[in-house]
1. State whether one or more residues within the stretch 38-46 are among the hydrophobic types (A, V, I, L, M, F, W, C) and in a loop (DSSP other than H, G, I, E, B).
2. Just one of THR219, THR188 is modelled with pLDDT of 50 or more and either in a helix (DSSP H, G or I) or more than 29 Å from ALA45 (Cβ to Cβ) (or both); which is it?
3. Tell me, which residue of the stretch 73-104 that is modelled with pLDDT of 90 or more and aromatic (Phe, Trp, Tyr) is most open to solvent (accessible area, probe 1.4 Å)?
4. Say we look at the stretch 105-114 and pick out the residues that are under 28 Å from ALA19 (Cβ atoms) and either modelled with pLDDT of 90 or more or open to solvent by less than 50 Å² (accessible area, probe 1.4 Å) (or both); which of these is nearest to the chain's Cα centre (by Cα)?
5. Restricting to the stretch 98-133, count the residues that are assigned to a loop (DSSP other than H, G, I, E, B) and of a type in the set (Asp, Glu).
6. Determine, yes or no, whether LYS200 is surrounded by 11 or more Cβ atoms within 10 Å (Cβ to Cβ), of a type in the set (D, E, K, R), over 23 Å from GLY76 (Cβ atoms) and modelled with pLDDT of 85 or more.
7. Restricting to the stretch 2-39, name every residue that is of a type in the set (Asp, Glu) and touching a residue at least 40 places away in the same chain (Cβ under 8 Å).
8. Can PHE38 be described as open to solvent by 10 Å² or more (accessible area, probe 1.4 Å), at pLDDT 95 or above and not hydroxyl-bearing (Ser, Thr, Tyr)?
Amino acid sequence: MKKDAVAYLNTRKKGDFAAQKSEVEDYCKYRFQIVEIFHDHRANATSPEKRKGFMEMLDYCAANNCPDIVIYDLAGLARDMDAGLATLKILNDKYTVYCVNNDFFGFRDDPEQRREATANFVAYMEQYRESARKTAPPVSKKTKKEDGRPIGRPKALNEGQVEALLTIRQAGTSISQICRMFDVSRSTVSKILADYPELKGEWKGARQEPAGEMPGEQTE
């Protein structure tokens, strides 16, 4: 029996809504009945808690006791990775969140284990974020005399962020998503992955058939 769920889409370009809605429906057809779709457009620079569609979704879930939320992808939650992780953590405290695109958490048929896996991912990323702050590279000795700013272009990502990037790439996140999550260019990501040939190009990691998968259903 399919469970009721809501969907949240945060689109950037014209035509994204129809395409993402179709993918959501395909993802849900064996598990969920989408009762409402909430939508924000061109709101990446706005924190989720200040978006009309996102807040309407939370109000609906609270009022109707709807525990399952389907999003298109993690990168769509927020442009800033820290804000996206914070939002995912808040949602995971009360709801079970499912991702249509690059859903690497697993346990789609076990909400409790899925929420535990999501919480572990958030904690893992927070650990690297805190580590990155503590190990921020020292200011270059070469500085401009007039204002003391370092000479030369600073690194796009510090050591902790690079470790986090490699982790989510290994988990199956696409390069395009990584660019949005870390707000960097594809060339920057390519340079980081240059020493990791197994992570370059399209992800070809082994995919296991989830337990209880129904015939004709797509896996993560």
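The values are calculated or read from the model by the stated rules, or taken from the named source; none is laboratory data. Just so it is clear, the structure is predicted and the values come from calculations on it, not from any experiment. Every residue, glycine among them, receives a Cβ derived from its backbone with ideal geometry; neighbour counts consider all protein chains shown. Each accessible area value is taken on the protein alone, full model and side chains, heavy atoms only, with ligands, DNA and RNA left out. Shrake-Rupley method; radii C 1.70, N 1.55, O 1.52, S 1.80 Å.
1. yes
2. Exactly one residue qualifies, and that residue is THR188.
3. Once the filter is applied, the top-ranked residue is TYR95.
4. Out of the qualifying residues, it is PHE105.
5. Adding up the residues that qualify gives 3.
6. No; evaluated as a whole, the condition is false for this residue.
7. ASP4, GLU23, ASP26
8. When the stated conditions are applied, PHE38 passes them.
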